[in-house]
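Where a number appears in this text, it was derived from the coordinates with a stated rule and is not lab data. Computed from a prediction, not measured in an experiment: that's the story for all the values here. Glycine gets a Cβ as well: all are built from the backbone with ideal geometry, and neighbour counts include every protein chain shown.
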Amino acid sequence: MKPAVFLDRDGTINVDKDYLYRIEDFEYLNGVEEALRQLERSGFLLVIVTNQSGIARGYYTENDYRHLMDWMISDLSGKGIHIAGDYFCPHLPGAVVKKYDVECDCRKPKTGLYYRAAKELDIDMDKSFSIGDKLRDLEICRETGVKGILIGDKNRDSGDHYHVCRNWKEISEYFSRL
Ligand SMILES: [Mg+2]
Ligand SMILES: [Zn+2]
């Protein structure tokens with residue numbers, strides 16, 4: 001079993017632009033590449049877990065999602081960063097695209113995607129972390145030994161299941177102190 005860092009995508013790896021799917025709109029957050037390289041060097045699998053309700057809303061398709069994600073994975077790979085897996089939820093209850101109008105177990109704060117990743121990639125949850133810009137990205141930390149990091153520059157206090165870092169520089173510092 002291997003430890004992993006579960007990464008939310010929008011607002012965590014890249015700047016959150018509503019319902020992003022175009023490569024030309026994609027923009028990394030400051031310091032994320034360096035931090036991910038360091039985490040991987042420390043032995044963590046890097047696993048993306050992302051809600052993509054834009055698919056259910058009909059703003060873009062699963063193919064559009066895949067196109068951007070494949071580009072991003074290959075761009076990171078060119079920078080020496082390997083993404084072990086990416087897991088997404090396309091669903092939304094009441095959505096206009098009927099196929100995705102589902103009460104699923106994978107739309108965060110639900111935790112289905114994390115367990116799927118853990119099983120497929122043989123992840124040691126007790127040694128793993130989840131990083132996201134919303135509390136819904138850290139629900140898995142309530143159910144398992146996964147430790148949470150909330151990223152963002154708003155002044156928020158750490159909760160009992162997560163630690164707050166303002167940016168990726170602070171996350172790097174946090175990991176270097178562990
Ligand atoms: Mg987010
Ligand atoms: Zn889902």
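Can you give the FRET efficiency to the nearest 0.05 for residue 178 and residue 79, using r as the Cβ-Cβ distance and R₀ = 25 Å?
FRET efficiency, residue 178 to residue 79: 0.60.
Would you compute, from DSSP H runs of 4+ residues alone, the mean residue ellipticity of the chain at 222 nm, taking -39500 (n - 2.57) per run and dividing by the full residue count, rounded to the nearest 500?
-9000 deg cm²/dmol
Tell me the GluC sites (Glu not before Pro) within segment 1-49 that lie in a loop according to DSSP and have at most 12 other beta-carbon atoms within 10 Å.
Sparse-neighbourhood loop GluC sites (Glu not before Pro): 27.
Report, in cubic angstrom per residue, the convex hull volume of the C-alpha atoms of the chain.
With only Cα atoms used, the chain gives 115 Å³ per residue.
Ranking request for peptides 109-122, 43-56, 139-152, 75-88: highest mean number of other beta-carbon atoms within 10 Å first, then the rest in descending order.
Per-residue Cβ counts within 10 Å, averaged per peptide and sorted highest first, yield 43-56, 139-152, 109-122, 75-88.
Rounded to the nearest 5, what % of the DSSP beta bridges within the chain are antiparallel ones?
10
Would you grab the residues whose amide H sits under 5 Å from the one on residue 86? Only those 5+ places off in sequence or on another chain, please, with H modelled 1.01 Å from N.
Those qualifying (amide H under 5 Å, at least 5 residues apart or on another chain) are 48.
5 Å is the cut-off here: which amide hydrogens, built 1.01 Å from N in the peptide plane, fall below it relative to residue 147, excluding neighbours closer than 5 in sequence?
Placed amide hydrogens put 128, 129, 130 under 5 Å from residue 147.
Taking the Cβ of each residue in 125, 1 as the centre, tally the other Cβ atoms inside 10 Å and list the residues starting with the fewest.
Taking fewest neighbouring Cβ atoms as first place, the list is 1, 125.
With an 8 Å cut-off on Cα pairs and a minimum separation of 6 or more residues, tell me the relative contact order of the chain in percent.
Computed over the chain, the figure is 24 percent.
Relative to the Cα centre, what is the charge dipole magnitude of segment 7-153, using +1 at the beta carbon of each Lys and Arg, -1 at the beta carbon of each Asp and Glu, and rounding to the nearest 20 debye?
Here segment 7-153 has a charge dipole of around 340 debye.
Taking 7 Å along the Cα-to-C-beta vector as the label spot, tell me the residue 34-residue 163 distance in nanometres, rounded to one decimal.
The answer from the label model is 1.9 nm.
Quick one: putting +1 on the C-beta of Lys and Arg, -1 on the C-beta of Asp and Glu, what dipole do you get for segment 105-148 around its Cα centre, in Debye to the nearest 20?
Dipole of segment 105-148, to the nearest 20 debye: 200 debye.
Beyond 20 Å between alpha-carbons counts as too far, so tell me which of 108/147; 119/147; 2/119; 79/147; 2/147; 2/108 fall in that bin.
79/147; 2/108
Counting only residues 5 or more places away or on other chains, whose amide H sits under 5 Å from the amide H of residue 2 once H atoms are built in the peptide plane?
Residues meeting the amide H criterion: 123, 124.
Quick one: length gained pulling residue 71 to residue 53 fully straight, 0.36 nm per residue minus the C-alpha distance?
My answer for the length gained is 4.5 nm.
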